[in-house]
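To start, the structure under review is shown below, and the notes come after it.
The values are calculated or read from the model by the stated rules, or taken from the named source; none is laboratory data. Nothing here was measured: the structure is a model prediction, and the numbers come from that model. We place every Cβ from the backbone using ideal geometry, glycine too, and count neighbours over all the protein chains shown.
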Amino acid sequence: MAFDLAADLAARHEQHRYRHPLIQDGPCGRYAVVDGRQYLNFCSNDYLGLANDPAVITAFQEAAADWGVGSGASHLVCGHQRPHQQLEEALADHVGRERALLFSNGYMANMGVMTALLGKGDAVFHDRLNHASLLDGGLLSGARFRRFSHNDSSALRGQLQRSDARRKLVVTDGVFSMDGDVAPLADYATACEDNDAWLMVDDAHGLGVLDAQGRGSVFAQGVNKRVPVLMGTLGKGLGTAGAFVAGSHALIETLIQFARTYIYTTAMPAAVAAATLVSLSKAREEQWRREKLAALIQHFRLGAEQLGFSLMDSTTPIQPLLIGADQQALALSQQLREQGFLVIAIRPPTVPEGQARLRVTLSAAHEENDVDALLVALARCQRKDV
Ligand code: PMP
């Protein structure tokens, strides 16, 4: 049977890889509520605690009253309202670029950039652990597709030197979403400059979090001027939804003309843009959020290390505990759940085979005693007295 979906689903089950969404009965913040029970939540990407910030919520509500709930059309028809324009200008200013362009989400931003910039005869160079949206964008573009080992700038340099492609685009996550480590951007920038290539950084997990003003990975590593294409998402550190690409005037005009995921889709609601204007200024000004987060990260790492867990090479809020076997990671996640903690097990194909993990994420919405409680629960799992 060509469409034997039941067999495919059964196989997924047998591999212990079947997934389904948990219905959340409340906001996704410090806590999560599922099936009537409240959990301490260690799996959101709301790193700065802005998703439920009262001033951001008020901005959203007021803008919905002023501008409506839906934008009504795509940007190039009549969906581009004043808050979208203001947010694009504020984002460009925040990351020190001539222009920025909003997309409905990060997945579409990445697909849009790569399909607009690349085609047959070009080549895209990916870190092996790049986010799915970057990989998909590269495939859809029709460019030759190369992958280099994770964070390996000399492997990249070799591939660039051997390539005779017309345009060469090197693409990397700034902070890796499942590992929490950061890309060696200065080395990549040099390899690109030496080989007439462009560097694109997807800073979904760095924006708001890294650098003293939350300008992200490229500022934290002092390479902003050397990264022609910067992509950031709004649904993580900034606490709302959507994404943007920032760069030169010519880059943004190119995307407006040629990025199909910008052109052929409804603009995000203006209320989201208005709320993001507020969360962006809070992310920039409220340094205490990053300071608190850094202290929580340090505290968690020390405690987990003392318990003998395998931490990854991460100083960011993404602090996975490497477990290995899928079933073991799932069991640990379940044992934590029974104790009142929401921590998701991440399994292949999202991560490589044999590297299932608990993806613990920290947020400025947490308190130190939340982290202590998680560490106590992890210790109980280890002693198997749950
Ligand atoms: N890039 C990276 C590195 C991500 O982690 C994500 C989200 N998981 C995206 C892009 C996609 O962003 P969005 O959720 O806005 O589609």
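Tabulated values for the structure
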read-out: Answer from L160, L140 - the residue that is within 21 Å of I252 (Cα to Cα), away from the ligand (no atom under 14 Å from the Cβ) and assigned by TED's automatic domain parsing to the domain that holds L101; value: L140
read-out: Residues being in contact with a strand residue (DSSP E or B) (Cβ under 6 Å, 6 or more places away or on another chain) and either within 11 Å of A183 (Cβ to Cβ) or assigned to a loop (DSSP other than H, G, I, E, B) (or both) - total across segment 219-229; value: 2
read-out: Qualifying residue in segment 66-77 (condition: β-branched (V, I, T), outside any loop (DSSP other than H, G, I, E, B) and either outside the structural domain of L280 (by TED's automatic domain parsing) or touching a strand residue (DSSP E or B) at 6+ places or on another chain (Cβ under 6 Å) (or both)); value: no
read-out: Qualifying residue in segment 8-26 (condition: assigned to a strand (DSSP E or B) and either over 20 Å from V209 (Cβ atoms) or aliphatic (A, V, I, L, M) (or both)); value: yes
read-out: Selection status of S314, in the same structural domain as T115 (by TED's automatic domain parsing) and in contact with a Pro (Cβ under 8 Å, 6 or more places away or on another chain); value: no
read-out: Residue selected from segment 199-218 under the condition assigned to a loop (DSSP other than H, G, I, E, B), in contact (Cβ under 8 Å) with a residue 40 or more places away in the chain and more than 11 Å from the chain's Cα centre (by Cα), by the criterion surrounded by the most Cβ atoms within 10 Å (Cβ to Cβ); value: G208
read-out: Close pairs (9 angstrom Cβ cut-off, 6 or more residues apart or separate chains): without any contact (Cβ under 8 Å) to a residue 12 or more places away in the chain in segment 131-151, more than 14 Å from the ligand (Cβ to nearest atom) and part of a strand (DSSP E or B) anywhere; value: L135/F145; L135/R147; L139/V124; L139/F145
read-out: Among the candidates L134, L140, residue that is under 24 Å from V209 (Cα atoms), in a helix (DSSP H, G or I) and out of contact with any Lys or Arg (no Cβ under 8 Å at 6 or more places or on another chain); value: L134
read-out: Tally of residues being closer than 12 Å to A100 by Cα, surrounded by 23 or more Cβ atoms within 10 Å (Cβ to Cβ) and not hydrophobic (A, V, I, L, M, F, W, C) across segment 238-276; value: 1
read-out: Test: residue in segment 80-93 that is closer than 30 Å to P320 by Cβ and either at pLDDT 95 or above or surrounded by 14 or more Cβ atoms within 10 Å (Cβ to Cβ) (or both); value: yes
read-out: Set C28, C43: member being over 18 Å from A243 (Cβ atoms), surrounded by 16 or more Cβ atoms within 10 Å (Cβ to Cβ) and modelled with pLDDT under 95; value: C28
read-out: Residue under evaluation L293, criteria (1) among the aliphatic types (A, V, I, L, M); (2) outside the structural domain of R226 (by TED's automatic domain parsing); (3) surrounded by fewer than 22 Cβ atoms within 10 Å (Cβ to Cβ), criterion not met; value: (3)
read-out: Unique residue being part of a helix (DSSP H, G or I), over 17 Å from N151 (Cα atoms), among the β-branched types (V, I, T) and within 15 Å of the ligand (Cβ to nearest atom) when the list is T254, T261, T240; value: T261
read-out: Counted residues, segment 219-233 - those being of a type in the set (G, A, S) and buried (at least 22 other Cβ atoms within 10 Å of the Cβ); value: 1
read-out: Boolean, A73 is touching a Gly at 6+ places or on another chain (Cβ under 7 Å) and surrounded by fewer than 17 Cβ atoms within 10 Å (Cβ to Cβ); value: yes
read-out: Elements of type strands (runs of 3 or more DSSP E) in segment 317-386, at least 3 residues being crowded, with 16+ Cβ neighbours inside 10 Å and in contact (Cβ under 8 Å) with a residue 40 or more places away in the chain; value: 318-324, 356-361
